[in-house]
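First comes the structure, then the notes that go with it.
No lab work stands behind these numbers, since they all come straight from the coordinates. Just so you know, these numbers come straight off a predicted model, no measurement behind them. Ideal geometry is used to build each Cβ from the backbone, glycine not excepted, and the neighbour counts take in all protein chains shown.
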Amino acid sequence: MWNDKLEKETLLHQLREIKTKGMNQIIIHPRFGLETEYLSEGWFEAISWVLKEAEKQEMGIWIYDELNWPSGYAAGKVIKKNPEFQAMNLVMNNGSFEKRKSNWKPAYFDGYYIDVLNPKAVRAFIEEVYEQYWQRFNKYFGKTILGFFTDEPGIYNNFSGVDPGSIPWTEQLPSFFQKLNGYPLEEKLGLIWEENGHPTIETRIDFWKTISFLYQESYFKQLQSWCHQHGVLFIGHVLGEESLVETAKTQGDFFSAMEFLDFAGYDLLNSLTPKAIIAAKLAQSASKYFDLYGVCAETFGIFGWDLTKEQMRKVAKWQVEMGLDVLIPHALYYSLRGSRYDDCPPSLMADKYWEDFEKFVSFTRDLTSKKKGETPKPKIAIYYPIESIWGYLNPNNCSKAEFIDLVFRTASFTVYNTEFHFDYIDRNVVTKKGISYKYLILPETEILPVEVLEAISNFISNGGQVIVFGNPPKLATKEEEQSSFSRIYNNISDNFKCLPLPKNLNRISFSAKSTQEAKAFLNIHLPPIWLARAVRIAKLLGYRKTFSLKLETGMEEELKNIIY
């Protein structure tokens, strides 16, 4: 984390120190507290010092593509030059529609975020950041510079209390929508806010499918193409992969975002809790189905200064067991001066960690080398019910989508607690590759493409078993396909093993809705530094973070009885 006035001797000393601890690659991350102006000539001079030394040390350098996070706005340069590239949304008032500029703001920044659905805006981001490195350091590309890291880009609409009741918008959305779906969006746009049965559900699904595809094409595919054309890789992760609702609002669809990363990524922040199960398994599943280089994870940020070496080993061991290939330690801070001390601690270069950090590096590397070729093939697949989330994602009321999200977590935790290996699969995996498992779990999957239901029918005919958590499928994504859907369902529904949900289901939620809303408000209105200080004060008052993956759902024995 480069977070102060950058001095040559300090940078080179730290790089050599990192090398002595057994790490051969680093990610350079411009961070809160940086006094050398980001993307200035002074910044690039500091990059040149490190590149020259890294070449001597035979180390690899990755470029984090933003100041702080999320990636995409080039520390405000994109919108300063092109105000029209600010993110947009659409609201409906009394039957009429109003386009608005987004109020979402990146961390530590008083300006606004870009329209990631607009390929021109993303191209401007490339020119402000990626091209600047290429113009100055192209001789290092593919040799010392190995690639770029993008962090938590997103749509950020109607999310964490910002711009409530709205949907994401961009000027090219109507034409892109018609091309993809065959009808004008304007004809059915109002249905997204209404509850009008199947027409509403179909319109919402078409809308979010279009948003996902447009976002994928505009951001991830464009950035990866640039990287590959310039001989480097493209890695990173998205926000909120543990929550289906947050994923839909910020990414559209997790899998469509992961397809154009060279490593599937996730972050493990704050503590080791059950939600990490979902993030790790999603990344592992994406890596498998898109045939990526593997799984990387940004790990230990905000674990706090009381993180112990024993906990670090526990976390690393668990992550490798869950499919991790590359652990990215969050973080090695250039400086801890002043308020930098509270920026997502700990710094793993602090003496208590750094004095024998090479032991942790060796421990983790040994784990990853031993796991190769040993991962058993799962017998269980859990369907990723994004169509059901999209279909019930009312901009003014997400309660039904949040319930589906809750059942998805319940299914995930139940399978994990029974110690069965599992993968997540989505509609693309099912229709393109089939269901190569013994058991398929459908978590409150009320809405399915008819071709997925056909694949499930074939799966059952070949001896596969379907286990339903909550309600079984009942609606096709297309209203015109409902009769075919119902016919297929009636032919196979007797083969479904339906498990009733526990009465105390709400305790499986990551936190109560009121707590989530409070956290969202604080995240928007308080800088991360103050949040870290608040946590420190809470600890002094007796609060302690949980550090456990155990969250019984009450459905473990029923699942074991079916599978055994």
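Here are the numbers:
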{"item": "Segment E479-Q229, length gained on full extension (0.36 nm per residue, minus Cα span)", "result": "85.8 nm"}
{"item": "Electrostatic dipole magnitude of the chain [Cβ: Lys, Arg +1; Asp, Glu -1; Cα centre; debye, to 20]", "result": "1120 debye"}
{"item": "Given charges at Cβ of Lys, Arg, Asp, Glu: the chain dipole, positive-most of S399, N458, Y266", "result": "Y266"}
{"item": "Neighbour-count order for R16, R427, fewest beta carbons within 10 angstrom listed first", "result": "R16, R427"}
{"item": "Pairwise FRET efficiency - Q25 versus E556, Cβ, R0 = 25 Å, nearest 0.05", "result": "0.05"}
{"item": "Cα gyration tensor of the stretch 20-89 - equivalent ellipsoid semi-axes, whole Å, descending", "result": "29, 14, 10"}
{"item": "In range of the label at L180: residues from the stretch 122-148 whose backbone nitrogen is under 17 Å from the point 7 Å along Cα→Cβ", "result": "122"}
{"item": "Residues whose placed amide H lies under 5 Å from that of I382, excluding near-sequence neighbours", "result": "D423, Y424, I425, I441"}
{"item": "Rg [Å, one decimal], Dmax [Å, integer] - the stretch 269-375, C-alpha atoms", "result": "14.5, 47"}
{"item": "Per-residue [θ]222 nm for the chain (sum of -39500 (n - 2.57) over DSSP H runs n ≥ 4, rounded to 500)", "result": "-12500 deg cm²/dmol"}
{"item": "Whether the stretch 226-268 is rounded, prolate or oblate, judged on the alpha carbon gyration tensor where a/c under 1.5 counts as rounded", "result": "prolate"}
{"item": "Tensor-based shape of the stretch 376-446 (alpha-carbon gyration tensor, a/c under 1.5 rounded, otherwise prolate or oblate)", "result": "oblate"}
{"item": "Normalised contact order of the stretch 269-375, rounded percent, pairs of Cα under 8 Å and 6 or more residues apart", "result": "29 percent"}
{"item": "Inter-label distance for F141 and N396, nm, one decimal - labels placed 7 Å from Cα along Cα-to-Cβ", "result": "5.0 nm"}
{"item": "Computed FRET value (nearest 0.05) for F547 with E195, which takes r as the C-beta separation and R₀ as 56 Å", "result": "0.85"}
{"item": "Sequence-distant residues sharing a close amide H with T477 (under 5 Å, placed H)", "result": "L448, V450"}
{"item": "Estimated vicinal HN-Hα couplings, Hz - the stretch 73-78 in sequence order (Karplus 6.51, -1.76, 1.60; Gly, Pro = x)", "result": "9, 6, 6, x, 5, 4"}
{"item": "Simple label model, 7 Å out from Cα along Cβ direction - R487 to E171, nm", "result": "4.7 nm"}
{"item": "For F422, F44, F254, order by how many other beta-carbon atoms lie within 10 Å, fewest first", "result": "F44, F422, F254"}
{"item": "Backbone HN-Hα couplings from phi across the stretch 232-238 [Karplus 6.51/-1.76/1.60, Hz, Gly and Pro as x]", "result": "10, 9, 10, 10, x, 7, 10"}
{"item": "Contact order relative to length of the stretch 61-105, as percent, for alpha carbon pairs under 8 angstrom and 6 or more apart", "result": "21 percent"}
{"item": "Of every Cα-Cα pair in the stretch 41-153, the percent that sits beyond 24 Å", "result": "37 percent"}
{"item": "Charged-residue dipole, Cβ positions (Lys, Arg, Asp, Glu), the stretch 269-375 about Cα centre, Debye nearest 20", "result": "260 debye"}
{"item": "For S243, S457, S369, order by how many other beta-carbon atoms lie within 10 Å, fewest first", "result": "S369, S457, S243"}
{"item": "Label-to-label distance, nm, for residues given as E45 and D291 (7 Å Cα→Cβ offset)", "result": "4.8 nm"}
{"item": "Amide H partners (placed H, <5 Å) of F32, local residues excluded", "result": "N68"}
{"item": "Surface/4 of the Cα convex hull for the chain, nm²", "result": "25.4 nm²"}
{"item": "Computed FRET value (nearest 0.05) for K432 with N506, which takes r as the C-beta separation and R₀ as 41 Å", "result": "0.70"}
{"item": "Karplus (6.51, -1.76, 1.60) ³J(HN,Hα), θ = phi - 60°, over the stretch 196-204, in Hz, Gly and Pro reported as x", "result": "10, x, 4, x, 5, 4, 4, 5, 4"}
{"item": "When each of K81/K105; K139/K288; K179/K478; K209/K432 is checked by Cα-Cα distance, pairs over 21 Å", "result": "K139/K288"}
